[in-house]
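The values are calculated or read from the model by the stated rules, or taken from the named source; none is laboratory data. Owing to the predicted nature of the structure, the values given are computational and were not obtained by experimental measurement. Positions of Cβ are generated from backbone atoms using ideal geometry, with glycine treated the same way; all protein chains shown enter the neighbour counts. Ligands, DNA and RNA are excluded from the accessible area calculation, which covers all protein heavy atoms including side chains. Shrake-Rupley method; radii C 1.70, N 1.55, O 1.52, S 1.80 Å.
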Amino acid sequence: MLNICPVSFINSILEFNLFEYTFSDQNASLLYNYDHLTEDHQPRLQEFTCPINNWSSNCYFTAPAISSNDEFSSRCKISLLIPVLAFAVERFTIYLWNFDQVIKEGFEVKWIIDQGPCNDCLISRGKCGYNRTINDFTCFCPYQP
């Protein structure tokens, strides 16, 4: 099973000047440190436990994501949004997959580039790439650096 019990809770940030989410993505919620749930809740919830402050805490994964204004979300000490694939959420909501399968499936991003130089690179049989040293596009040529 996937370990989604972090030592510390921090936001991970997508580099939006390089990448953007695709239409295949959707958000899910991870809700940490909540007293045991008794009522039925929509969308589907799956419970897991995490040791928080050396105490076993009830936590939940839900997809699609619930609003931070939702009564259930507001009763959690920590609420995180994570990107997942929409088709995985669909499988989760009809009980074909559990939450770790949804998370392991990942999410998609699209690389934002200037199409002109990349098209020229592809015509020369190169591969479009990114040089982190100069923080810019680079063409990986087939027979030379």
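Things to note:
- Residues in region 7-50 that are at pLDDT 70 or above and under 15 Å from the mean Cα position of the chain (by Cα): 20 in all.
- Which numbered condition VAL102 fails, given (1) more than 20 Å from SER24 (Cβ to Cβ); (2) open to solvent by less than 20 Å² (accessible area, probe 1.4 Å): (1)
- Residues satisfying the stated conditions in region 70-88, i.e. open to solvent by 70 Å² or more (accessible area, probe 1.4 Å) and modelled with pLDDT under 70: GLU71, SER74
- Note on region 111-145: among residues that are acidic (Asp, Glu) and within 24 Å of PHE16 (Cα to Cα), the one that is most open to solvent (accessible area, probe 1.4 Å) is ASP114.
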